[in-house]
Each structure stands twice: as C-alpha cells, then as structure tokens.
Amino acid sequence: MSESIFDLADVTVRELNQTLHANESGTFRVLNPRGAHAVAAGINSDVEVHIEGSVGYYCAGMHQRGTVRVHGNASTGLAENIMSGTVHITGSATMSAGATGHGGLLVIEGNAGSRCGISMKGVDIVVGGNVGHMSAFMGQAGNLVVLGDAGADLGDSLYEADIYVRGAVESLGSDCVEKELRPEDLETISRLLSAAGLAAEPTDFTRYGSARELYNFNVDDINAELAEGQS
Amino acid sequence: MSQPNGQQPWNLRESYTYDRNVIAEIQRAANTGIYRIRGWGAKRELPTLDDLVVLGASMSRYPLEGYREACGTDVVIGADTAENPVRLDIPITIAGMSFGSLSANAKEALGRGASAVGTSTTTGDGGMTPEERTHSSTLVYQYLPSRYGMNPDDLRKADAIEVVVGQGAKPGGGGMLMGQKINERVAEMRTLPEGIDQRSACRHPDWTGPDDLAIKITELREIVDHRVPVYIKVGAARPYYDTALSVKAGADAVVVDGMQGGTAATQNVFIEHVGIPTIAAIPEAVRALQDLGVHREVKLVAAGGIRSGADVAKAIALGADAVSLGTAALIAIGDNDPALEAEYNALGTSAGFWEDFQAGNDPAGITTQDPELASRLDPIIGGRRLANYLNVLAVETQTIARACGKSHVANLEPEDLAALTVEAAAMAKVPLAGTSWIPGQNQA
Ligand SMILES: Cc1cc2nc3c(=O)[nH]c(=O)nc-3n(C[C@H](O)[C@H](O)[C@H](O)COP(=O)(O)O)c2cc1C
C-alpha cells in the first residue's frame, strides 16, 4: 500500500492531525518533527504512523486503535491517556509517559523520565531502560514492565496496577510493596515483552503492588466503644 | 434560670472563641481521629455580593421599561477560536458536579432544567454519562487532574472543554468521594475498587505550570479539531495572576470560583479557610483581563455563592460575563426541602442545615448512589424546578440591568455599584456608599 509523507518542515501539525483524523486507515510517514507538540494526537482509526525524528509534548495523546512509531525521543506526556492501539518509540521519553492511559500498549525502548505511568488506568507500558522517580504514582490498573532500574518512590499511593522491575528499585512509595511473582505474572511479562519486541527472562523480574492500606480512612470511635462496654 | 431583663444568665454565656460549633468539633475530632469531611461550602460569615448595592437610574441616566424594552442576556464563548462557539441564552450556567457525587437522576434534572432555558451544564470528576449528554443541549466536559473516566470519545462529544486547575472550596486540593458512594457503576467509570475512600489527584499528571498548560490546550484543541472552546477553572486564590496565566495559556474563558463555592466532599478546614471570597476575586480577575486588553473577549465566569439575580447582576457589573451555580441549583431541584424534615431529623440535622453531600444518604435523592434514595428525585419535575429558578434569576438580572438603563446585561459596570462596608469597597474596588472613597485607591 502506498504511503503518504508529511514533512513538518513544510506542513503544519494541524494539517497532519486533520488528515490522520479523517482517514480510517493508511500508512503515514512524518519527517522533520523537530520537537513539535501534539504530533499524531487524537488518532481514532487503524492508521499507521511512522515519525522520523524526535517529538515534543503529547505525541500520540489520547491514542485509539492505530499504531504510532517514533524513531527518536519524545518529551512530556507521550501517549497520555492512550485508550487502545500501540505507541512505540525507539528512544527515550521524558516526564509522564503513558500518563492516565486506559488501555493499549506503550513501548519505550530507551529510558523513561519521572512519573512514567502516573495514574495509569489499564494501559500496558514496557520500558527497555530505566524509569524515573514516582513512576506509576496512583496507578489504578494495567502493567508497568521495566527492564532496567526504577527511581525513588516507585508506585506511590498505588491502587491495582502491577509493576514489574528487572533491575534495582531506589525506593518504594507509600503503600507500595513487593509481591510474590505468580505464574500469571510470568505470563503477563512474557506476553508484554513479546508484544514489545524486547527480550528478557520473566523470572528475573520482581513484582510490586499495593498494600491497600490507604484505601479507606482510619476512623476511631471511642464513644461507640465505651457505649458497647457498658451494654 | 431566665433573667428579668431577658439577658442570658451569667452561667450560660457562650464563648466567642470557643462557641458550640468549635467545642463540638474538638469533641468530634477527639472521638474519631479523622478530620471533618463534608459537602456544601463555607458556612462562616464572609463578605458577599450582598455587601454591594446597585445604584439604579436617576437624573443623569434613564432606565429602560421593564418587560417592554429589550435587554439582552446572551453570551458567546470562543467566537474567535472555535468552529462551534458556545452560545448561551442566559449568562447563568450550571457548574461542574460529578456523576458519582450526584445521582444519575440529579444530573438528568440539571441537564433538563439548563437546556430548557438555553444554558449549559458541566460534567465533573468522574467522566460523562450518556444520561447527561442526552439531556444537556450544551455540555461542558471537565478535564481534571484525576482524569477519572477521561475518554477522547466523550471529549469529542463535548460542546466545550473545561480544564480544572482548582475549585473555590479547595484551591490546592483534589477531589474526594467517600466509599459509601463508590458503587459498582461509579467504580467502573473511574477504574477504582468499589467502596474505597477516593482521594483524587490535586495536580495534573502531565503538565506543570502555565507554559506546559499552553501546550496541553493546544493538544486538546488538536484532538477535537479546534471545534469547541476551552475554559480554565481556578479556585480563587491569586485571581490576578491565575487569570493572566490562563489567558496566556490560551483559554477562551476563565472560571473563577470563590471560597464560598460548594463541594461534594472536602475537608472542613479547607472549605472554611483556603481561598478568597468571590467578591474579592472578580475585580482582580477583571483587572488581569483589562491589563492584557482582552476583557469581554476572553470571557470571565464567576462562581461561588451565586444565589439570586442580584448576585448575577453584581457579578456582571464587576466585570464577569457569566456566572455558574452549584449549591443553588441543587437546592432548586430539591436539596434541603422542608418536606423532608422528619428524615433530616433522623440524620441528626434539619432542613436548611444539612450539609453532608459526602455521606451518600441524601433524603432528597440528589447526592447519593443509593438506588432507592435516587429514585425519589423525579428528573422531569427537578428539571422544571431548575428551569423556573434560572428563569427567575435571568429576569431579576434583567430587571436590575433595565433599572440601570442597560439594553444588555453585559453593559452593567462597576459605576453602577456602591459598597455597604469598607471591606467590600476595598475588595470590590467600588466606592463606599454615599462617598467617592475606594480604600487603597483614592482619598476623597
Ligand atoms: C455536589 C457538588 C459536586 C461538585 N463537583 C465538582 C467537580 O466534579 N468538579 C469541579 O470542578 N467542581 C465541582 N464542584 C464545585 C462546583 O463546580 C462549583 O465550583 C461550586 O459549586 C460553585 O459554588 P456554589 O455551590 O456556591 O454555587 C461541586 C460542587 C458540588 C456542590
């Protein structure tokens, strides 16, 4: 199938996105992104987009269905709130990659900065390198697989997301604890590694999850206790 | 024990510093070990728009005939930036209140009432329900720090997007929804376990500061192909700077929510002590818009304690383009109804005092997820009540505008106002009644 080429040295991000939103399928190659923001944001179709170079903020934001491949690095909020489909970058991503993602797959072959997978709600994220501090902060659902190391306060205030780290973890955040690696976890890890096209031994990973101690407020009731004691 | 002259007996003198509310709160805290979380807004005495009066016409300016002469009330938001700007028939909107904090019937009632009079409703922290989309002809989609239920399909269905930076009841704080209200549907919409005490994020996960926010707004506009306007909502804390930075970030409208603003669930200490009152916030927001040369172009929506047409007219005279209502809209559809007095009594309170929007046991069926309670609110009747109330506010606003000789409510101006207290004069920057004195501005 033929491929459409968008050279961002000549056309605007607006024209590119408008075209991507208007097409149900097709392959698009984006040249000279030069750190532009919101490149390929809001895709909701089966298009395949190849971006040759590094992008700015919110590349593939709120992505649905199709595939976006970045041959370069990405700035803040890569694939934020991704719903489905795949976003794959060969380089590294800065802050908040995959933030609040509800579904789909985000692959970062390099490193991810701080708050990778913050408030994740079902997305699967695979990072070939390391993740920065506060990754998976308040993560609600989904999986974060890290082949390298994790920075400080991993999984702080975590809900039901699962975190798998192969390397060292600088420190765990509040309510995040190490958990047993179950057979279904090994399956999840190998499934995600193969989807990401990255190789590692699933048994080398450690799982982290929520201790669930922050789920409800601790409420005392001394008056009720005393009344009970009297009855 | 009563005294002959009707005075309090010496042994029943209430302490000003430790009044009965203070004593009860110390006792409650000592018993439970948890801060008080409640709904409603600030209850203590604060400067309000009641501290201003409208001057009306006199020898030097003539009024318009009530009912006969035209007095416009419409507002357009996003005329220059959005393919489909928001067009409101009246400058009175319904504020963001989440499904979750409110029942589906309550959301439907708000949608029906607002749509009947040509104005908008707003989603809340928890996403858009099909019910509210269906029943609201103009629906503003909130984009909040938690991103609960945030879905690009819903974003594309919205008539406007409101980026929530803060709320008047809790500038700097995140949302809360207590476990009693996180039933299966609410839990699923928010991807949370049922029954947890939800504490939403207070900061957006993927931007920090106004420069990032400008890029975020570009992204939002890109995703919806620049069809709808983008608002920014801030809690009133530093309204001059927050408004200026919102303009810089590219907002079509800035919603400034004063400290009286209602909430579904917040720490009492936040509700009563954080933020500044609406009367103080509006003039500062207006000053920012004027300094940037965009007043009346970038729209200002004022919220927090708006109850009457007088409040609407005064807010507009101070420079707002529209207002938005939370608590008053809930009262209009049935909250704190005296007909439910026995049930309020059973909860240890009374109609007119009930504030426990967080508890999930609302006798009026509005702030609940309990199906039996929720079924008590008839969304059609609730919608009619809200439409009636909004109509009254609109006509009251016109009444005041006509009395000031204005052919459109937007022509009301600070010159039409005077202040009843020195404090209100200083905050609202209008003269103390009977003088030309604006504290801090002139000495006359
Ligand atoms: C029950 C209830 C739920 C609310 N939920 C939200 C919300 O989800 N998001 C938001 O920005 N503000 C929320 N608010 C605040 C309102 O949007 C609005 O700022 C406030 O109610 C205005 O003040 P008023 O109640 O005095 O009119 C809520 C308020 C109430 C009463």
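The values are calculated or read from the model by the stated rules, or taken from the named source; none is laboratory data. Fair warning: this is a prediction, and the values are worked out from it, not measured in the lab. Reconstructed Cβ throughout: ideal geometry from the backbone, glycine too, with neighbour counts over all protein chains shown.
For the reader, a short list of remarks on this structure follows.
- Filter result (within 14 Å of chain B (Cβ to nearest Cβ) and surrounded by fewer than 24 Cβ atoms within 10 Å (Cβ to Cβ)) within segment A:135-161: A:GLN140, A:ALA141, A:ASP156, A:SER157, A:GLU160
- A:ASN81 meets each of the listed conditions (1) touching an Asp or Glu at 6+ places or on another chain (Cβ under 6 Å); (2) within 10 Å of chain B (Cβ to nearest Cβ) apart from (1).
- Enumeration of residues in segment B:219-245 that are out of contact with any strand residue (DSSP E or B) (no Cβ under 6 Å at 6 or more places or on another chain), at the interface with another protein chain (Cβ under 10 Å from one of its Cβ atoms) and of a type outside the set (Lys, Arg): B:GLU219, B:GLU222, B:ILE223, B:VAL224, B:ASP225, B:HIS226
- Within segment B:167-210, if we keep just the residues that are closer than 30 Å to A:GLY113 by Cα and of a type in the set (S, T, N, Q), the residue that is surrounded by the most Cβ atoms within 10 Å (Cβ to Cβ) turns out to be B:GLN167.
- Condition met for A:PRO183 (free of Cβ contacts under 8 Å to residues at least 12 places away in the same chain and more than 14 Å from chain B (Cβ to nearest Cβ)): yes
- Residue check for B:GLU83: in contact (Cβ under 8 Å) with a residue 24 or more places away in the chain, touching a helix residue (DSSP H, G or I) at 6+ places or on another chain (Cβ under 9 Å) and either within 24 Å of B:ARG402 (Cβ to Cβ) or not in a strand (DSSP E or B) (or both): no
- Residue among B:VAL164, B:VAL186 that is within 28 Å of B:THR278 (Cα to Cα) and in contact with a Leu (Cβ under 9 Å, 6 or more places away or on another chain): B:VAL164
- Candidate set: segment B:145-166, residues that are within 9 Å of the ligand (Cβ to nearest atom) and of a type outside the set (Gly, Ala, Ser); chosen: the one surrounded by the most Cβ atoms within 10 Å (Cβ to Cβ): B:GLU162
- Filter result for B:ALA303 (within 14 Å of chain A (Cβ to nearest Cβ), crowded, with 19+ Cβ neighbours inside 10 Å, among the small types (Gly, Ala, Ser) and closer than 23 Å to B:LEU177 by Cα): no
- Flag if A:VAL39 is surrounded by 24 or more Cβ atoms within 10 Å (Cβ to Cβ) and part of a strand (DSSP E or B): no
- Test: residue in segment B:333-342 that is more than 14 Å from every other protein chain (Cβ to nearest Cβ), more than 16 Å from the ligand (Cβ to nearest atom) and crowded, with 18+ Cβ neighbours inside 10 Å: yes
- Of the residues making up segment B:410-425, none is more than 22 Å from B:SER308 (Cβ to Cβ) and part of a loop (DSSP other than H, G, I, E, B).
- Within segment B:345-360, being buried (at least 16 other Cβ atoms within 10 Å of the Cβ) and in contact with a helix residue (DSSP H, G or I) (Cβ under 9 Å, 6 or more places away or on another chain) holds for B:ALA351, B:TRP354, B:PHE357, B:GLN358, B:ALA359, B:GLY360.
- The set of residues in segment B:87-112 that are away from the ligand (no atom under 14 Å from the Cβ) and within 12 Å of B:LEU325 (Cβ to Cβ) comprises B:ILE90, B:PRO91.
- Yes/no for B:GLY405 being at positive phi and at pLDDT 95 or above: yes
- Test set (1) facing chain B (nearest Cβ under 9 Å); (2) surrounded by fewer than 22 Cβ atoms within 10 Å (Cβ to Cβ) - A:TYR57 fails condition number: (2)
- Near pairs, Cβ below 7 angstrom, 6+ apart or cross-chain, from segment B:199-218 (in contact (Cβ under 8 Å) with a residue 12 or more places away in the chain and more than 8 Å from chain A (Cβ to nearest Cβ)) to any residue that is surrounded by fewer than 21 Cβ atoms within 10 Å (Cβ to Cβ) and assigned to a helix (DSSP H, G or I): B:PRO210/B:LYS248; B:ALA214/B:LYS248
- Pairs with Cβ under 7 Å, 6+ apart, first in segment B:318-331 and closer than 29 Å to B:TRP354 by Cβ, second in a helix (DSSP H, G or I): B:VAL323/B:VAL312; B:VAL323/B:ALA315; B:ALA329/B:LEU110; B:ALA329/B:LEU386
- Residue check for B:ALA265: crowded, with 24+ Cβ neighbours inside 10 Å, hydrophobic (A, V, I, L, M, F, W, C) and without any contact (Cβ under 8 Å) to a residue 60 or more places away in the chain: no
- Taken over segment B:29-80, the criterion of being outside any loop (DSSP other than H, G, I, E, B), away from the ligand (no atom under 16 Å from the Cβ) and surrounded by fewer than 18 Cβ atoms within 10 Å (Cβ to Cβ) is satisfied by B:ALA29, B:ALA30, B:ASN31, B:THR32, B:VAL53, B:VAL54, B:SER58, B:ARG61, B:GLY72, B:VAL76.
- Within segment A:1-19, restricting attention to residues that are among the acidic types (Asp, Glu) and not in a loop (DSSP other than H, G, I, E, B), the residue that is nearest to the other protein chains (Cβ to nearest Cβ) is A:GLU15.
- Residue pairs whose Cβ atoms lie under 7 Å apart, sitting 6 or more positions apart in sequence or on different chains, and linking a residue in segment B:113-131 that is in contact (Cβ under 8 Å) with a residue 60 or more places away in the chain and more than 12 Å from the ligand (Cβ to nearest atom) to a partner that is of a type in the set (Asp, Glu) and in a loop (DSSP other than H, G, I, E, B), are B:VAL117/B:ASP89; B:THR119/B:ASP89.
- Residues that are part of a loop (DSSP other than H, G, I, E, B), within 14 Å of B:GLN358 (Cα to Cα) and more than 7 Å from chain A (Cβ to nearest Cβ), drawn from segment B:186-198: B:GLY195
- A:ALA22 being at pLDDT 95 or above, surrounded by fewer than 19 Cβ atoms within 10 Å (Cβ to Cβ), within 10 Å of chain B (Cβ to nearest Cβ) and more than 15 Å from the chain's Cα centre (by Cα): yes
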